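Student: There's a structure below that I have some questions on.
Please treat every number below as a calculation from the coordinates, not as lab data. As the structure is a computational prediction, the values presented were derived from the model and not from experiment. All Cβ positions, even for glycine, are placed from backbone atoms using ideal geometry, and neighbour counts span all protein chains on display.
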């Protein structure tokens, strides 16, 4: 998620879960070629397994981006065909690509030829645009898109179970107004059993994830990981069979606070470093006070920053700090 799942967020989330597959923010492929590659693509080894998500609509640029990305050590490269933002639409990638399945197939082929890494696609169940006179909203449209792109060698699809409405709605509204249709994604898996089909959209509880996993291969978590990151602390034991001890919030903070201080010393902004910790206590007594304390941090030195973080943590009860997920 753009401006959210950056390398600092991912590092801190790895203190909660070791086995989930993490994704970068969507990065426009030309930026990989022409921009600061080290800033855009570098990551800490502990973030792996890690997928680079790219957006663009030109074969040569995507192919070159994949070659560059492979040298950085990513595990997989994902082509975004689901983002509905206006900026992305102006450049004719993201969800707009769903109207051009044959072109997406060519993009996937070019990307696959340039790297040994798996190439996957993240898309919606459909799109609608009055301006472009496009209405691809039926299951048959999703099936055709999948069949064409799979024919180019893509074996994994991450499907957001909502259509994207490309005019009249903001990206935020596109995450909640179009109704969820998970049955379309379940049907897709049933009709393409050899493809890896992962579902995305609205999963907020363990029970809802368990239900989805009866029909598809995996579930992508988005907003719940941002809004209630502590949910991730139960993932490894519940779905990956890990017998590693689960951390407490106190143990997470004992590693995350020193990490944040080191990055602050390197010149990383307070906002980027505070963001992953902001919702660590979501739903618990004292969470508002915790968020206020972090938001009020105006430290200009590492010492002040460290003191502010430690003071905020000291304001939480020992019971909540030492709690572990069940």
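Student: Please determine, in degrees from 0 to 90 and to the nearest 10, the orientation of helix 101-114 with respect to the longest principal axis defined by the Cα atoms of the chain, where the helix direction is its Cα long axis.
Tutor: Helix 101-114 and the main axis of the chain meet at about 60 degrees.
Student: Output the 0 to 90 degree angle, nearest 10, between the alpha-carbon long axis of helix 302-314 and the longest principal axis computed from the alpha carbons of the chain.
Tutor: 90
Student: Then there is this: Taking the stretch 249-321 on its own, what percent of its Cα-Cα pair distances exceed 20 Å?
Tutor: Beyond 20 Å sits 20 percent of the P(r) for the stretch 249-321.
Student: Give the Rg/Rh ratio for the stretch 1-157, taking Rg as the radius of gyration of the Cα atoms and Rh as the Kirkwood radius, to two decimals. Present the calculation step by step, with values, prior to reporting the outcome.
Tutor: Numbers: Rg = 15.4 Å, Rh = 15.9 Å.
For the stretch 1-157, the value is 0.97.
Student: Please arrange 259, 203, 23 by how many other C-beta atoms lie within 10 Å of their C-beta, fewest to most. Walk me through the intermediate numbers first.
Tutor: Values: 259 16, 203 23, 23 20.
Sorted ascending by nearby Cβ count, the order is 259, 23, 203.
Student: Kirkwood Rh over Cα pairs of the stretch 197-270 into Stokes-Einstein at 37 °C, 0.692 mPa s: D in µm²/s?
Tutor: Calculated translational D: 226 µm²/s.
Student: Next question. Using only Cα atoms, find the angle between the long axis of helix 139-150 and the longest principal axis of the chain, and express it within 0 to 90 degrees, rounded to the nearest 10.
Tutor: 90
Student: If I model the chain as equal point scatterers sitting on the Cα atoms and use the Debye formula, what is log10 I(q)/I(0) at q = 0.10, 0.15 Å⁻¹?
Tutor: -0.62, -1.28
Student: A further question on this structure: Arrange 301, 248 by Cβ neighbour counts within 10 Å, fewest through most, would you?
Tutor: 301, 248
Student: Here's something else I'd like to know. Beyond 14 Å, what percent of the Cα pairs of the stretch 155-217 remain?
Tutor: That fraction is 57 percent.
Student: Still on this model: Stokes-Einstein at 4 °C, 1.567 mPa s, Kirkwood radius from Cα pairs: D for the stretch 59-152 in µm² s⁻¹?
Tutor: On the way: Rh = 13.7 Å.
Answer, rounded: 94 µm²/s.
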